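The values are calculated or read from the model by the stated rules, or taken from the named source; none is laboratory data. Nothing here was measured: the structure is a model prediction, and the numbers come from that model. Cβ placement follows ideal geometry from the backbone for every residue including glycine, while neighbour counts extend to all protein chains displayed. Note: accessible area is taken over every heavy atom of the protein model, side chains too, but ligands, DNA and RNA are not part of it. Shrake-Rupley method; radii C 1.70, N 1.55, O 1.52, S 1.80 Å.
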Amino acid sequence: MFIVFEGGEGAGKSTAIESVAEELRKRGYSIVVTREPGGGLGKEIDELIKKNLNITPLPELFLFMAERAAHIENVIEPALREGKIVLCDRFYHSTLAYQGYGRGIPLELIEKVDEIARQGLLPDVVFLLDLPEEIGLLRTERADRIEKESMVFHKRVREGYLRFAEDDPSIRKIDATKPREEVLQDILKVLLLMVSVQQSV
């Protein structure tokens, strides 16, 4: 299974992924935890995208796409072929939300290049950890270039995510304003049912 966690800054994706991975491992599942950017071409590309103030929207988009293609080929697909469950921090909805709604790159352009990079791979489920952008930003150190963007930028990003959640049945919206344990239980309630159903097929 390929499971993606999405959400704005400070939504608690990393914490949720760690907790979900721990719970699934306790139940005997083999888990791979990965992330974008940084899962395909390494930490260098992550640092380049997050720290380089000179990157404009279009080059930024193509860096993400190169990272995604390598990530799928080198990490995600090999793990899925081995029957492992892959938990991924961000995937293509992030690109549409941040580079599309946030940066203003036309969604049609993003979808075209993403289709090439993604090579047909789609997640089985996407957990959208949603909370107001002002709450999320208070939870972060606002240390990197994207976190330092304006509140208006982050509001547009959240708007994009919420629109995707209305149209995409693979997205399960999770109220990330809840305590961490409740967020975890909301995710596991959906995920454990999906895992058990897939195993019985």
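One table, with the values for the structure above:
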item: Checking GLY8 against (1) over 17 Å from VAL190 (Cα atoms); (2) part of a helix (DSSP H, G or I), the condition it does not meet; result: (2)
item: Enumeration of residues in the range 152-168 that are surrounded by 13 or more Cβ atoms within 10 Å (Cβ to Cβ) and of a type in the set (A, V, I, L, M); result: VAL157, LEU162, ALA165
item: Pairs where the first residue, in the range 131-153, is among the aromatic types (Phe, Trp, Tyr) and the second is open to solvent by less than 60 Å² (accessible area, probe 1.4 Å), C-beta under 7 Å, 6+ apart; result: PHE153/GLY102
item: Selected residue (criterion: least open to solvent (accessible area, probe 1.4 Å)) from residues of the range 30-53 that are acidic (Asp, Glu) and in a helix (DSSP H, G or I); result: ASP46
item: Residues of the range 54-64 satisfying the condition of being β-branched (Val, Ile, Thr) and open to solvent by 50 Å² or more (accessible area, probe 1.4 Å); result: THR56
item: Every residue from the range 9-29 that is open to solvent by less than 60 Å² (accessible area, probe 1.4 Å), in contact with a strand residue (DSSP E or B) (Cβ under 8 Å, 6 or more places away or on another chain) and of a type outside the set (A, V, I, L, M, F, W, C); result: GLY12, LYS13, TYR29
item: Scan of the range 50-63 for residues that are free of Cβ contacts under 8 Å to residues at least 40 places away in the same chain and closer than 18 Å to TYR92 by Cβ, ordered by number; result: LEU63
item: Residues being at pLDDT 90 or above, open to solvent by 30 Å² or more (accessible area, probe 1.4 Å) and of a type in the set (Ser, Thr, Tyr) - total across the range 169-199; result: 1
item: Neighbours by Cβ (under 7 Å, 6+ apart or cross-chain): first from the range 104-119, farther than 17 Å from ALA66 by Cα; second exposed (fewer than 13 other Cβ atoms within 10 Å of the Cβ) and of a type in the set (D, E, K, R); result: none
item: Out of GLU67, GLU149, GLU134, sole residue that is buried (at least 16 other Cβ atoms within 10 Å of the Cβ), in a helix (DSSP H, G or I) and modelled with pLDDT under 95; result: GLU67
